[in-house]
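Structure first, then comments.
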């Protein structure tokens, strides 16, 4: 599992730091960006092994970022984990519709994120 590259897309600075520390302490190489356009640019220039994606962000939201990742043949195999405060069943259904591989709601348990990431990377 170590050395896998994870792109964290989170517009809330404190959460971005927390998620980065959590994943770096597990041996992952982490890159963080704070909005959807930056995420798409980062994916195009340095393809990660997995994307941890917030939904509510300025500009392009996480649903659109995920849709674009999954529609592009070059990036469609990258697992996307949506990590969001949007708990509604409609939001979760939309996450599945745009191709998210997992949907985790905030506040989150670190163990749940690690288990989900490890499972997705194992099956990649």
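Summary table below
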item	result
Wholly enclosed strands (runs of 3 or more DSSP E) of region 33-121 bearing at least 3 residues touching a helix residue (DSSP H, G or I) at 6+ places or on another chain (Cβ under 7 Å) and touching a residue at least 40 places away in the same chain (Cβ under 8 Å)	50-53
Residue 64 vs. criteria within 16 Å of residue 34 (Cα to Cα) and at pLDDT 95 or above	yes
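The values are calculated or read from the model by the stated rules, or taken from the named source; none is laboratory data. Fair warning: this is a prediction, and the values are worked out from it, not measured in the lab. Note: ideal-geometry Cβ built from the backbone for every residue, glycine included; neighbour counts use all protein chains shown.
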